[in-house]
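A short worksheet on the structure shown next.
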Amino acid sequence: MSDRTRAHVFVTGKVQGVYYRANTRETARERGVDGWVRNLEDGRVEAVFEGDETDVEAMVEWCHTGSPRASVDDVEAEYEGPEGVDGFEIRR
């Protein structure tokens, strides 16, 4: 069993208005990853993923493509200790 970890992610590109948050939530739930995702005023998307290391890394990797209509320029991820987030939600 792998260790739990947390990734704090910022995604840059055409990632708002293209169902990026909804697709992120759906993909995270399928993988059993907890956390949240939200749009930022500067046009980026911010997300936190918590779960098994392999699943969290897979979510960070998924962010490079994201939803089918997104055009991702960059993904920044910082790994931290998990905070015990439960479930996955879209934050406003």
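The values are calculated or read from the model by the stated rules, or taken from the named source; none is laboratory data. Predicted model, so just to flag it, every value in this text is computed and none were measured. All Cβ positions, even for glycine, are placed from backbone atoms using ideal geometry, and neighbour counts span all protein chains on display.
Residues that are in contact with a strand residue (DSSP E or B) (Cβ under 9 Å, 6 or more places away or on another chain) and polar (S, T, N, Q) within segment 1-26 comprise Ser2, Thr5, Thr12, Gln16, Thr24, listed in sequence order.
The residue list Arg21, Arg29 contains one member that is over 9 Å from the mean Cα position of the chain (by Cα) and modelled with pLDDT of 95 or more, which is Arg29. Pairing residues of segment 59-77 that are surrounded by fewer than 17 Cβ atoms within 10 Å (Cβ to Cβ) with residues that are part of a strand (DSSP E or B) and at pLDDT 95 or above, at Cβ distances under 6 Å and at least 6 apart in sequence or on separate chains, gives His64/Val72; His64/Val75; Ser71/Gly13; Ser71/Lys14; Asp73/Thr12; Asp73/Gly13; Asp74/Thr12; Glu76/Phe10. When residues in segment 11-25 are screened for being closer than 14 Å to Val60 by Cα and surrounded by fewer than 17 Cβ atoms within 10 Å (Cβ to Cβ), 1 of them pass. The single residue among Gly35, Gly43 that is over 15 Å from Phe88 (Cβ atoms) and either modelled with pLDDT of 95 or more or not in a loop (DSSP other than H, G, I, E, B) (or both) turns out to be Gly43. Assess whether Val48 counts as being in contact with a helix residue (DSSP H, G or I) (Cβ under 9 Å, 6 or more places away or on another chain), modelled with pLDDT of 95 or more and of a type in the set (A, V, I, L, M). No: the conditions fail for Val48.
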